[in-house]
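Below: one structure, written as C-alpha cells.
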Amino acid sequence: MVIPLLGWLSFIQAGKLVERMASVLGWFKGVRMDLGQAPAEELNAVYTIIPMSLGVLDGILSAVFVARFIRRLYRNRHGVARINYPEGKVMSGAVGPTILEFIQTAGIPHASVCGGLGRCPTCRVQIARRLAEVDKPSEHEAKALGRISAPNGVRLACQVRPRRDITIVPLLLSTATARDGRLPGGL
Ligand code: FES
C-alpha cells in the first residue's frame with residue numbers, strides 16, 4: 001500500500017511545483033514555445049510515457065488488491081486468524097486459542113478475573129468487525145452475557161475462538177474487578 005501512496009504524494013508534489021512555476025509571468029508561454037520547437041520524436045516520447053506511467057500505476061494498485069485478496073484466501077484456507085486490537089495492535093496465529101489467549105500471548109493486559117472460566121465476565125469485548133465470522137455463543141457464554149444484558153456483538157474473550165480475521169475492542173479496563181464485571185456496559 002506504501003508504494004502507490006508514495007506515487008500519489010510525488011504526483012501531488014509535482015503538481016504543486018508546476019503550479020508555483022506557472023505563477024511566474026510568461027512561464028507558460030515559454031513552455032508552449034519550447035514544446036513547439038521540440039523535435040517530434042521527443043514529443044512522441046513524452047506522449048507515450050504519460051499513458052505508460054498511468055498504466056504502471058494502475059498495475060501496481062491492482063497488484064496490491066490482488067495480493068491482499070490472495071493473502072486473505074491463504075489465511076482462511078490454512079487456519080490463520082488475525083485479531084485487530086485498538087491502537088493498531090495486531091495479533092495473529094493458528095486457529096485454536098481463544099481471543100483472551102491471543103491477547104495474553106501478546107502480553108497485552110486484559111481483565112480476566114475468573115481466569116477464563118466464562119463467569120466473571122470481565123474479559124468481555126465488542127466484536128467491532130466481522131461478527132458474522134464468529135461462532136454463536138455457547139449456552140454457558142450466553143448465560144454470562146445475559147446476566148449483564150450484553151448488547152449484540154459483545155462476547156467473552158475467554159470463550160470465543162476466532163477462525164477468521166476480526167476486530168475487537170475491550171470493554172473493561174485491565175484492572176477491572178469482579179464487581180465491575182457484574183455491571184452492565186463497559187469502561
Ligand atoms: S475471564 Fe471471566 S468470563 Fe472471561
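Coordinate-derived values only; no laboratory data. Predicted model, so just to flag it, every value in this text is computed and none were measured. Glycine also receives a Cβ, built like all others from the backbone with ideal geometry; neighbour counts cover every protein chain displayed.
What does the charge dipole of segment 80-182 about its Cα centre add up to, to the nearest 20 debye, if the Cβ of each Lys and Arg holds +1 and the Cβ of each Asp and Glu holds -1?
Once rounded to the nearest 20, the dipole reads 180 debye.
Under a Gaussian network description of the chain, with springs only between Cα atoms under 10 Å, the residue in Asp165, Asp135, Asp34 that fluctuates furthest is Asp34.
Only lysines eight or more places from Lys89 in sequence, or on another chain, were considered; those with a Cα closer than 26 Å are Lys136.
For the chain, a Gaussian network of Cα nodes joined below 10 Å ranks Pro51, Pro97, Pro39 by mean-square fluctuation, and the top entry is Pro39.
Between the Cα long axis of helix 40-77 and the first principal axis of the chain there is an angle of about 10°, rounded to the nearest 10. Dividing the convex hull volume of the alpha-carbon atoms in segment 80-182 by its residue count gives 86 Å³ per residue. Within the listed set Pro121, Pro170, Pro151, the Gaussian network model of the chain (springs between alpha-carbon atoms below 10 Å) gives the highest mean-square fluctuation for Pro151. A Förster radius of 35 Å combined with the Cβ-Cβ distance from Arg182 to Arg72 puts the calculated FRET efficiency at roughly 0.35.
The lysines within cross-link reach of Lys29, meaning a Cα-to-Cα straight distance under 27 Å and a gap of 8 or more places when in the same chain, are Lys16.
For Ala45 and Asn152, the difference between the fully extended length at 0.36 nm per residue and the C-alpha to C-alpha distance is 32.5 nm.
Most simply put, the chain has about 85% antiparallel DSSP beta bridges, counting only bridges with both residues inside it. The charge dipole of the chain, taken about its Cα centre with unit charges on the Cβ of Lys, Arg, Asp and Glu (plus for the first two, minus for the last two), comes to roughly 900 debye.
The C-alpha radius of gyration of the chain, expressed as a fraction of 2.2 N^0.38 Å, stands at 1.69. So, in Å, what gap is there between the alpha-carbon centers of segment 103-131 and segment 57-100? So the two Cα centres are separated by 21 Å.
In this rough spin-label picture, where each label sits 7 Å from Cα along the Cβ direction, the Ala14-Lys89 distance is 4.2 nm. The packing ranking of peptides 139-149, 84-94, 153-163, highest mean first, is 153-163, 139-149, 84-94, where packing means the average number of other beta carbon atoms within 10 angstrom of each residue. Note on segment 80-182: antiparallel DSSP beta bridges, both residues inside, total approximately 85 percent of the bridges counted.
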